[in-house]
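Okay, structure first, notes after.
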Amino acid sequence: MADESLQRDGPRSSMPAELHYPHSEYSQWKFKLFRVKSMEKAPLPGQTQPEKGALLGITPPAAPNIDSDNGMGPGSVMKLCLGGKSKEYVEGPSQRVDMKLQEMDTHMNHLRCLCRLCGVILRKVKGPVHDVQGHLDEISKCALRRMGCKFPSWPEIILKVFKVDVTDDIESIHPLSFCHRCWVVAIRGGGVCSFTRTNVPEWKPHCSPCHLCSPRKPSFQRTGRKKRKVIPRAQSLAKRTRWEHSESIVVGERRALRPFGEHHHVPVLRPWRKQSIQRDQWVRNITHCQKDHLKARLISEKLPVDFLYSFTCLVCDHLLSDPVQAPCGHLFCRSCIIKYNHVLGPHCPACNLSCAPDDLSSPAKAFLSALHSLPLLCPRSGCEKQVRLDSFKAHCLSHELDEQHTKQQSSELDSYLLTNKGGRPRQHLLSLTRRAQKHRLRDLKTQVKVFADKEEGGDLKSVCQTLFLLTLRSQNEHRQADELEAMMQGRGSGLHPAVCLAIRVNTFLSCSQYHKMYRTVKATSGRQIFQPLHALRTTEKELLPGFIQFEWQPALKNVSTSCSVGIINGLSGWASSVDDVPADTVTRRFRYDVALVSALKDLEEDIMDGLRESGMEDSACTSGFSVMIKESCDGMGDVSEKHGGGPAVPEKAVRFSFTVMSVSVLADEEEKEVTVFTEPKPNSELSCKPLCLMFVDESDHETLTSVLWPIVAERDAMKESRLILSMGGLARSFRFQFRGTGYDEKMVREMEGLEASGSTYVCTLCDTTRAEASQNMVLHSVTRNHEENLDRYEIWRTNPFSESVDELRDRVKGISAKPFLETHPTLDALHCDIGNAIEFYKIFQDEIGEVYKKVNPSREERRSWRAALDKQLRQNMKLKPVMRMNGNYARRLMTQETVEVVCELVPSEERREALRELMRIYLQMKPVWRATCPAKECPDQLCRYSFNSQRFADLLASTFKYRYNGKITNYLHKTLAHVPEIIEKDGSIGAWASEGNESANKLFRRFRKMNARQSKAFELEDVLKHHWLYTSKYLQKFMEAHKNSAKILQTTIDPVENQDYEDMSLEDFEF
């Protein structure tokens, strides 16, 4: 018998029979032979482990007996080894539950060592650990409140910053803490955003291949590579003791977690725990109901054990709280059985039968009445009352209320504190709404107001600010106190909203970019240097059209009298009918009269300064103001972008803009007007205000006419009325004069109904043909005007004399469409330079190839001449070839140095001299049409202009006759024939050029990229709005007054330099 017992207790007693014969069914177990070998060294389930106790001289307690009835018969150990921790290989329901509880306890210990947000090990990050579900501590609350965040708890801040909802976190799946590094990220973002990219891991429930409990093997074991032998070093540390390794928790490849908390430097042997006690500890770690549920020892009377056992939860061993009954008849607390089933599966903890949450039901009423009538003894010292179970919580709550009442009576501020009559806990003052704050502080406000009226003359603001200042000084917050004192004295460090708006517009910052800069500066410096976006939008309303009140006398015809009109749809005035086709365009504009009022109000300070400098009294100058407006319109070409949606509209844009050139006044009893304002930079992009933006091709005459026709109607109505506008505190009247001069050749022909620029009639100012202009280049006068063009169009439309097409065309002098917008007969200086530069560029090519000797040169020859010219200009003048001539290229090309470089390629010396002479004469004429006031800037060139133009024409007709025999370009004809007459009539050509409108093309592209949106209509509104703000004189003056704001900002911000990101703490911030 002893031999049998000895044999049964041997190390191989529980092995199956097939293992004694290795050749039978070899394929079923050959890959798990290493488990059998490890089992040989491991003790059997019926044996204890006295070796650890023997090493330290500790005698462990006796192990509990495990009978064969519990399922641990022969072969069960082998099943455990071969099957791992799967349920079907562990025999006995109680042991299966214990194994699962042990696994979950280990898994939850792993989770407690990790960060919820970044997944790093908590002990590797310096700084305190923070509770995910907890409320803000005082340091965090103070730091976030100064940046505008008023959230009271961490889940709301984590949702805003990390975009993770942690309100439904479960302890068995998610970690309950986050590290100090993630705390720093949340504080830096102000509780609303994150400036650091944090990858939040996806936490999954525990399973058999869990990456925390069952880490992957090292790479050398997976791939079969040999582990490299480590060379021992003399100064290497000794190996850890076995007990230190036993406390580590393996969580991944070549990594180990230690329990978070105090470090144990001395090997400690864990005491043996009874199996039932260990199981209770595991269950408590899952349910966490110790603070909520009542213990059975609170029952005052000595009741039978079986009777008391019927009122105890089978999961937590506490008295039943909100009891539920399983289908098998066992009773549990509702919260305990739900948490238990969530972790261990839907089965009863007592009998292991199926027990889903939907199967739970409420016990019988008789049982509930018996449960609620149990007598409990109050644990409060000095009370010792017997209370029923159903009224026990109310009894404990009365003790807490008594303590609160006692504390309130002993407080010095009892008269100022209000009793919290509601069921919620009393909230902090700063977490309340504005209305609730007023309600709570109403008594204090009344007392402070009485004091201010009695002692400080009613200055309530100064009293409150002084109280706040003294509070800051008493708490040693001198930095914030200095800022408040500076603001009270009018020297605060915050920028004016207009300055912030000017910075945003001039640096082309979108809303999100400006808000990010505002948050960063506020978080870094601790000060609100830049103003928030809502303050900028308030300033925008005052600067955009539609904010100022005005009146027209008489009222404008067919124009609304409303003054509060902002950006409108340019197609809103179209009459819709069945036959009309909807316009294939998107357009946005200001109403013309509202825009003019806003532009005049923007110049109010300059106009009043002009009145004072002229020696006029403000009261004497209330009428007789005359405003000169320059109008410009030009196509911007292809402005296509990759973003945007909406209707399929052409990606070509047109801008209509205006410039206030001058303001003059005719005072009472005066005979001559006095100019009180003149635009110092009439061709600057800062003075050219946008009126209308449209996605339309400038060659589309019908669409362009339809879009601009409402502007023309408003313009004609304003010519016959006068504006009454408050300026300088007095109502003053203004009349407007309009000059459409900022148009290029193509746009003038579109608006006046002329044929294209390549037609027979070469000029938009006179009726001469191209052949006549080439024969007589100088002697011509301005004959065309808008009224005559309208009459000629009627003749073209009706043909009253029944003439042929050629005869009719010769009679109307090239008018083929209805003129819809009056243009001033002048010459555009910018496009004149560009057109003449194109002509000189072609002359240079012809002279290099000696075209005067050839009749019809081939295309290949012309290409070779152009390539040689481009190469010469690139090498010597740094001029890169362009596909289309622009103003910058034209200015650099039309110089004497360029002619000298080109003459190196001209073979004949005679032709070189002719080229030099031609350029020299042109450079003497150019300042006349480019100057803003030629009579003051270049009087000598103005007097010699007629002589120089005649010499230039003779040179073209003789030396360069091969090119100008019977033909001449449009701008050369205007340069030679019409410049003196235009200057004599208008006084200048350069001041009325379209250069300001042309230079604003790049602004359109930058503002469109700045306000990239899905809808082209909203995008066009934003571009028009910010372009108007860009030209505001008010914002420009603020920018001039705050040139050094960048230096002030740099000295205000004290950047934190951290070498190691893991070492960040609260001291790194200067809140």
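Laboratory data are not the source of any read-out in this text; all were calculated from the coordinates shown. Just so you know, these numbers come straight off a predicted model, no measurement behind them. Glycine gets a Cβ as well: all are built from the backbone with ideal geometry, and neighbour counts include every protein chain shown.
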If each part is reduced to its alpha-carbon centroid, the stretch 999-1042 and the stretch 812-847 end up apart, in Å, by 30
Distance between the C-alpha centers of the stretch 746-789 and the stretch 932-954? Whole Å please. 23
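Glu540: net charge of surrounding residues, Cβ under 12 Å, Lys/Arg +1, Asp/Glu -1, itself excluded?
Working: positive: Arg504, Arg537, Lys541, Lys1025; negative: Glu542, Asp1022.
Overall, the nearby charge balance is +2.
Counting only Cα atoms, I'd like the Rg/Rh figure for the stretch 645-732, Kirkwood definition for Rh.
Computed over Cα atoms, the ratio is 1.10.
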At q = 0.15, 0.16, 0.26 Å⁻¹, work out log10 I(q)/I(0) for the stretch 304-355 with the Debye formula, treating every Cα as an identical point scatterer and leaving solvent out; two decimals please. -0.35, -0.40, -1.00
Cα-only Rg/Rh for the stretch 703-776 with Kirkwood Rh rounds to 1.20
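What is the calculated FRET efficiency for Ser362 to Ile173, with r their C-beta to C-beta distance and R₀ = 25 Å, to the nearest 0.05?
Values: r = 29 Å, r/R0 = 1.15.
So the FRET efficiency works out to roughly 0.30.
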Using alpha carbon centroids, what distance separates the stretch 137-179 and the stretch 957-993, in Å? 75
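All other residues with a Cβ under 12 Å from the Cβ of Met608 taken together, and with Lys, Arg as +1 and Asp, Glu as -1, what is their net charge?
Numbers: positive: Lys601, Arg612, Arg732; negative: Glu604, Glu605, Asp606, Asp609, Glu613, Glu617, Asp618.
Summing Lys/Arg as +1 and Asp/Glu as -1 gives -4.
D for the stretch 279-391, whole µm²/s, Stokes-Einstein with Kirkwood Rh over alpha-carbon pairs at 20 °C and 1.002 mPa s: what number?
145
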Quick check: pseudo-label points 7 Å beyond the Cα along Cα→Cβ at Gln513 and Arg891, how many nm apart are they? 2.6
If you add up the charges near Met894, with Lys and Arg at +1 and Asp and Glu at -1, over every other residue whose beta carbon is less than 12 angstrom from its beta carbon, what do you get? +2
May I ask for log10 I(q)/I(0) of the stretch 432-480 at q = 0.16, 0.17, 0.31 Å⁻¹, from a Debye sum over the Cα atoms as equal point scatterers with solvent left out? -0.58, -0.64, -0.99
Provide, for q = 0.10, 0.14, 0.15, 0.21 Å⁻¹, the log10 of I(q)/I(0) from a solvent-free Debye sum over equal Cα point scatterers in the stretch 586-737. -0.44, -0.75, -0.82, -1.31
Taking 28 Å as the cut-off for C-alpha to C-alpha distance, list the pairs among Lys652/Lys813; Lys880/Lys1002; Lys124/Lys150; Lys672/Lys719; Lys672/Lys985 that go past it. Lys652/Lys813; Lys124/Lys150
Over all directions, the stretch 676-720 yields a Cα convex hull whose mean projected area in nm² is 5.0
Using the basic label-point model (7 angstrom from Cα toward the beta carbon), what is the Arg123 to Ser759 distance in nanometres? 9.1
Expressed to two decimals, the stretch 885-975 has a Cα Rg over Rh, using the Kirkwood radius, of 0.98
Using bins 5 angstrom wide from zero, how does P(r) for the stretch 166-218 break down, in % of all Cα pairs? 4, 14, 19, 19, 18, 12, 8, 4, 1
Over the stretch 429-562, what per residue volume does the convex hull of the Cα atoms give, in whole Å³? 231
Given that compact globular proteins tend to follow 2.2 N^0.38 Å, what is the ratio of the alpha-carbon Rg of the stretch 810-940 to that value? 1.29
Give me D for the stretch 744-854 in µm² s⁻¹, whole number, from Stokes-Einstein with Rh from the Kirkwood sum over alpha-carbon pairs, 25 °C and 0.890 mPa s. 156
